[in-house]
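The values are calculated or read from the model by the stated rules, or taken from the named source; none is laboratory data. Predicted, not measured: the structure shown is a model, and the values here were computed from it. Using ideal geometry, Cβ is built from the backbone for each residue, glycine included, and neighbour counts are taken over all protein chains shown. Accessible surface areas use protein heavy atoms only, side chains included; no ligands, DNA or RNA. Shrake-Rupley method; radii C 1.70, N 1.55, O 1.52, S 1.80 Å.
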Amino acid sequence: MFDFSKVTSGIHTWLSEYLSQGLAIFIECVAVGVAILALYAIIAIIMIYMERKVCAAFQCRIGPVRVGPFGVFQLIADVIKMLIKEIVIISHSDKFLYNLAPYIVIIGSVLAFACLPLSQGLEILDFNIGVFFFLAVSSIGVIGILLAGWSSNNKFSLIGAMRSGAQMISYELSIGLSVLTIIALTGTMQFSEIVAMQSSGWLLFKGHIPAVIAFVVYLIAANAECNRGPFDLPEAESELTAGFHTEYSGMHFGLFYVAEFVNLFIVSAFAATVFLGGWMPFHISGLDGFNRVMDYIPGALWFFGKSFFLVWVLMWIKWTFPRLRVDQILQMEWKYLVPIGLVNLTIMALCVVFGWHF
Amino acid sequence: MEIGKSKKKELVKIKSIPYDEFKNNDYLEEMVRELNENGTNVIVGVLDEAINWGRGNSLWPLTFATSCCGIEFMAVGAARYDMARFGLEVARASPRQADFIMVAGTITDKMAPVLKRLYDQMADPKYVIAVGGCTISGGPFKHSYHVVKGIDQILPVDVFIPGCPPRPEAMLYGMMQLQRKVKLQRFFGDVNKKEVSEREYEEMMKRDMTANS
Amino acid sequence: MSVQNKINQQFPTAQIEEKPDRLIISINAESLREFALMLYNEKDFRFDFMRSLTGMDWGEAGFGVVYHLESTDNKHQLELKAIIPDREKPFIDTVSDLWKTALLNEREVYDYFGIVFIGHPDMRRLYLRKEWEGFPLRKDYVRAEGLDMSNEEPDDTTVTWYRDEKGIPQARRYNLFEKEEYVVNIGPQHPATHGVLRFRVSLEGEFLKKLDVYCGYIHRGVEKLCEGMTYQQTIGLTDRLDYLSSLQNRHALCMCVEKAMGLELSERIQYIRTIMDELQRINSHLLFFATFCMDLGALTSFFYGFRDREKVLDILEETTGGRLTMHYNVIGGVEDDIHPNFVKRVKELLAYLPAALEEYRKVFTENVIAKNRLIGVGHLSRENAISFGTTGPTGRGSGWACDVRKRIPYGVYDKVDFKEVIRGECDSYARYLVRMDEIKESMRIIETLIDNIPEGNFREKTKAVIRVPEGSYYTAVEASRGEFGVYLESNGEKLPYRLKFRSTGLPLVACVDTISRGEKIADLIAIGGSLDYVVPDIDR
């Protein structure tokens, strides 16, 4: 399998030859930053296009087809439109927080995105508490949402933001518990090591029953964390017009919109990394020939393939189920998911202690 | 600068629909002629074209309906007619995020200020489509004491779609006409309004408030 | 004791006129309260259902209010006319504490005629803005010029009238919402209100404390318009009231005029009208399914509903030429004969629909989330349903057998065997299930009729100018959302003197406050969706 670290270290040595150490690192940082943002934007466009096409398919429609072949340029047009749209200034709003909120949301999203190992050697933020860092930055977004709801001076926004706050903070718990279950199995919080551990089999299979439970709990909680249906209460269109971003227009709204979709990708990619082996090809220990064939498929393809599969699953859920009510959402979390998560963590701990896993 | 005929056709092209199928080409050609009377800077012109391509292909409607025409508007979004094909399906419930408002259904005296307010809440550039006889002239309720006789009295209308209610096909046609119109407009110095400073804005707001009371 | 004897005994001054289908009683407004109490409380003929409440302007004779009452137990029908001779200061006692449907209807009468109801808790205008000058349905009304474009200021005060010691009516103002309440404005431009209805909701966290309904954003003054039109012209407007029951609405008006004229219709017309009504009902309930699911966030089901609705519309369009406002029934028959393909395509539809309904059941009806959202939400008891007059699937979901097709059969409903779907759970889920089952019943009705459409005229000959004999007439049909009634008062001219439409939607919004108190804000959406009102029908 191709190791991307060869490329990156090659660039580093090449730059160091001509430039001082500090300058070389600075240039690399800028290049990496630009690359992340570009990738982020591309993922956003792919995600929104996919959402529109997938939901059209579920709904017996065909979705965008007019702009470009199969409507692929539809999103480019949307981005252009959004960029030039007026940003409405609202009187009687807290202007500083109002303008700040979308950036907080997008910063949290980009930081979490940067944690994901895309392929072998292609990790941007990779250190010993990677999972912990990921969970921390991904919950920054809720601050942005609360600020947006508060500063808009709109009752719908405020209700939406409060719902969102209650929901996201609650479901963080389940995410944490299910991730903890896996960490108990791996014994490390570094993404690269977690992926490396799965060369002999994905953690979903290695940790068998508790891992599968953790995976399901994670998917439910992650869906809620992204404010996606059936948990899309904060922006429940039929109740709160557009929820916390009711008052946002133009690119400010665009940032919320983009962050929502990329967050969906991020949680799916995280699940793919932790449970389904990330960029690691599908290996079955013992079948070396089969494993070698699998290795020919590049890691990035594995990674995106798994991630987009999970994205599709979440979309399928969204376009099938009706919306839950706010008390039902919290009930589900506190009465079902958290106890299940805790019990599951205990089971996993026992499995690890007695070596009942593969 | 005279613009060639072929060029004109290209400007207002809608995919897979022949140019001559549209009925109001004269009007649009006239609009292009007027716009280009004084000539355009090449760079601005190219930018304009790119931006207008984006704007024209990404018109998001406001979910707004008062009566019968609203049901047909829903039908346009539904499976058989599927306005998503044109990228129009992202109906926004918040006026801040919408690009055009389909005024579908009768507008009454009580609703008129609300409609005006909705229009004011939308972010520029914004467009209005008047759907159905009621919004065009009052329709069958023209002689009523509580119906606005045409919303062009209160809003600048871009496209009129006659019918009672218009068929979904007619609505699609109207929306395509709006796309064509948007694609022909000049964005710089015309559609994008001059930005006002915060102080000016406050003053304007104050003026608006006092005017109402 | 019969109704007549009892009234003669207690109110010797009341004038009684006997019609084959109902009693018409005229009294003076002063004795209305006593009379109403008697009618409401008397054990032998408890008139507990107010079908309709109409304001009248009788010119020289003064104003009046016409009540159509029915006793749900023994089906007595009664038309009560209360005359208010004083044109300058028209006052009458309220009956809104007996029949809750009068809560909004009396406000409507006040709005139209300026008749003040003493004792009504909330005497504001219902449709027009409070700045509006004059009362539009008075015969001497002249509209002030100009369009008021000022924004409506939120005003939470209202007025109620009472009699002081001397019996002189006095007004008292009070606040609907206190300052410290968290009041959220929902509508008129809101995706959940199905049009331009407006609620002001007082919230306690997510819970609803109180709700106030504002109508009139699509008040088109149809009833006044009708007074200036010939009968043939008025039927065009009925299509646009409840546009999802356009055929049925028009059926009601045509039937009312035909009955008044004594016009006999051929069997063929009756068959066609009945089949069309049922097709329309299927169409409407499919749309209900679609929008209801959308309200609850199940967007895919919305598209399923619309997809299948298009199939019904295809059939209707082939024959009538319209998709929404069909303009098919005319006085004396129908506009044109059915399309040659009609029978074939209806059969195709009947073969197709069961699979679709099965799909709905899998996707939505049996869904855990949907059940959790709906069961037990928005409890409307049977008593309340009758008192509010919420006919149609809403009333039947509360265990009240209120189907006009069974109560007072019209068309050929007395010749077909169908079940009146009634459920006793009284909640949103019951209302939803009633509609879903009604689709099946409608299919059964069509199935029985479609092969037996007799030969005959599709349109009877009528005169070019239709004049209706003097008198008052009330006819009702079962529209998709309940009883749609037409009250016609004619003075023998070619224009109707007064034409009132009993809206199916007004009782439905009237009961929203009662059934949504204490529920959560998300439930309000579910309740509103399950009541399935059409706003232009409320506002007229």
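Considering the conditions (1) open to solvent by 10 Å² or more (accessible area, probe 1.4 Å); (2) at the interface with chain C (Cβ under 7 Å from one of its Cβ atoms); (3) in contact (Cβ under 8 Å) with a residue 24 or more places away in the chain, B:Thr108 is excluded by exactly one of them, (1). None of B:Gly56, B:Gly70 is touching a residue at least 12 places away in the same chain (Cβ under 8 Å), buried (at least 23 other Cβ atoms within 10 Å of the Cβ), within 9 Å of another protein chain (Cβ to nearest Cβ) and farther than 22 Å from C:Tyr243 by Cα except B:Gly56. Please go through region C:130-168 and give me each residue that is more than 28 Å from B:Gln121 (Cα to Cα), more than 10 Å from chain B (Cβ to nearest Cβ) and either within 28 Å of the chain's Cα centre (by Cα) or surrounded by 15 or more Cβ atoms within 10 Å (Cβ to Cβ) (or both), ordered by number. Correct list: C:Glu133, C:Phe135, C:Arg138, C:Lys139, C:Asp140, C:Thr158, C:Val159, C:Thr160, C:Trp161. Pairs linking a residue in region A:184-202 that is open to solvent by less than 10 Å² (accessible area, probe 1.4 Å) to a residue that is in a loop (DSSP other than H, G, I, E, B), with Cβ atoms under 6 Å and 6 or more positions apart or on different chains, are A:Phe191/A:Pro117; A:Phe191/A:Asp126; A:Val195/A:Pro117; A:Val195/A:Gly278; A:Val195/A:Met280; A:Gln198/A:Gly277; A:Gln198/A:Met280. Got at least one residue in region A:63-80 being more than 8 Å from chain B (Cβ to nearest Cβ), in contact (Cβ under 8 Å) with a residue 40 or more places away in the chain, more than 26 Å from A:Ile297 (Cα to Cα) and buried (at least 18 other Cβ atoms within 10 Å of the Cβ)? Taking every residue of region A:63-80 in turn, none turns out to be more than 8 Å from chain B (Cβ to nearest Cβ), in contact (Cβ under 8 Å) with a residue 40 or more places away in the chain, more than 26 Å from A:Ile297 (Cα to Cα) and buried (at least 18 other Cβ atoms within 10 Å of the Cβ). Across region B:75-105, the qualifying residues are those that are in contact with a helix residue (DSSP H, G or I) (Cβ under 7 Å, 6 or more places away or on another chain), without any contact (Cβ under 8 Å) to a residue 24 or more places away in the chain and part of a helix (DSSP H, G or I), and the one among them that is nearest to the other protein chains (Cβ to nearest Cβ) is B:Ala84.
Counting only helices (runs of 4 or more DSSP H) that fall entirely inside region A:253-354 and contain at least 3 residues that are within 19 Å of the chain's Cα centre (by Cα) and of a type in the set (Val, Ile, Thr), the qualifying elements are A:299-318.
Selection within region A:126-145: residues that are in a helix (DSSP H, G or I) and in contact with a Phe, Trp or Tyr (Cβ under 8 Å, 6 or more places away or on another chain). The member of this set that is most open to solvent (accessible area, probe 1.4 Å) is A:Phe133.
Do we have any residue at all in region B:118-125 that's in contact (Cβ under 8 Å) with a residue 12 or more places away in the chain, in a strand (DSSP E or B), within 8 Å of chain C (Cβ to nearest Cβ) and within 18 Å of C:Arg198 (Cα to Cα)? Scanning region B:118-125, I find no residue that is in contact (Cβ under 8 Å) with a residue 12 or more places away in the chain, in a strand (DSSP E or B), within 8 Å of chain C (Cβ to nearest Cβ) and within 18 Å of C:Arg198 (Cα to Cα), so the answer is no.
Quick check: anything in region C:33-48 assigned to a strand (DSSP E or B), within 30 Å of C:Tyr141 (Cβ to Cβ) and not assigned by TED's automatic domain parsing to the domain that holds C:Thr391? The answer is no; no qualifying residue exists. If you go through region C:487-506 and pick out every residue that is under 10 Å from the mean Cα position of the chain (by Cα), of a type outside the set (D, E, K, R) and under 22 Å from C:Asp21 (Cβ atoms), you end up with 3.
Taking the conditions exactly as written (within 14 Å of chain A (Cβ to nearest Cβ), outside any strand (DSSP E or B), within 22 Å of the chain's Cα centre (by Cα) and modelled with pLDDT of 85 or more), does C:Phe289 satisfy them or not? Here the answer is yes, as C:Phe289 does meet what is asked. Only one entry in C:Ala356, C:Ala351 is touching a helix residue (DSSP H, G or I) at 6+ places or on another chain (Cβ under 7 Å) and in the same structural domain as C:Leu279 (by TED's automatic domain parsing), namely C:Ala356. Only residues that are crowded, with 19+ Cβ neighbours inside 10 Å and more than 7 Å from every other protein chain (Cβ to nearest Cβ) were counted across region A:81-94, and they come to 1. Suppose we filter C:Arg307, C:Arg281, C:Arg382, C:Arg361 for residues that are closer than 25 Å to B:Cys68 by Cβ, open to solvent by 10 Å² or more (accessible area, probe 1.4 Å) and in the same structural domain as C:Gly482 (by TED's automatic domain parsing); which single one remains? Just one listed residue meets the conditions, C:Arg307.
Is it the case that some residue within region C:131-142 is closer than 26 Å to C:Thr514 by Cβ and without any contact (Cβ under 8 Å) to a residue 60 or more places away in the chain?
The answer is no, given that none of the residues of region C:131-142 is closer than 26 Å to C:Thr514 by Cβ and without any contact (Cβ under 8 Å) to a residue 60 or more places away in the chain.
When A:Gly165 is tested against the conditions (1) open to solvent by 30 Å² or more (accessible area, probe 1.4 Å); (2) without any contact (Cβ under 8 Å) to a residue 40 or more places away in the chain; (3) not aromatic (Phe, Trp, Tyr), the lone failure is (1). Taken together, C:Val535, C:Val477 contain a single residue that is within 14 Å of another protein chain (Cβ to nearest Cβ) and surrounded by 24 or more Cβ atoms within 10 Å (Cβ to Cβ), which is C:Val535.
Looking for something among the basic types (Lys, Arg) and within 30 Å of C:Gly228 (Cβ to Cβ) - is there at least one such residue anywhere in region B:149-160? Checking region B:149-160: at least one residue is among the basic types (Lys, Arg) and within 30 Å of C:Gly228 (Cβ to Cβ). On the basis of being away from chain C (no Cβ under 14 Å) and basic (Lys, Arg), does A:Lys335 make the cut? No; evaluated as a whole, the condition is false for this residue.
Restricting C:Leu299, C:Leu286, C:Leu316 to those that are open to solvent by less than 10 Å² (accessible area, probe 1.4 Å), closer than 30 Å to C:Lys520 by Cβ and in the same structural domain as C:Arg444 (by TED's automatic domain parsing) reduces the list to C:Leu286.
With the structure loaded, tell me whether A:Leu264 is within 11 Å of chain C (Cβ to nearest Cβ) and either under 30 Å from B:Arg96 (Cβ atoms) or in contact with a His (Cβ under 8 Å, 6 or more places away or on another chain) (or both) or whether it fails that test.
No.
For C:Leu69, the conditions (1) surrounded by 24 or more Cβ atoms within 10 Å (Cβ to Cβ); (2) farther than 17 Å from C:Glu34 by Cα all hold with the exception of (2).
Scanning region A:1-25 for residues that are without any contact (Cβ under 8 Å) to a residue 12 or more places away in the chain, surrounded by fewer than 13 Cβ atoms within 10 Å (Cβ to Cβ) and part of a helix (DSSP H, G or I) yields A:Ser9, A:Gly10, A:Thr13, A:Trp14, A:Glu17, A:Tyr18, A:Gln21, A:Gly22, A:Leu23.
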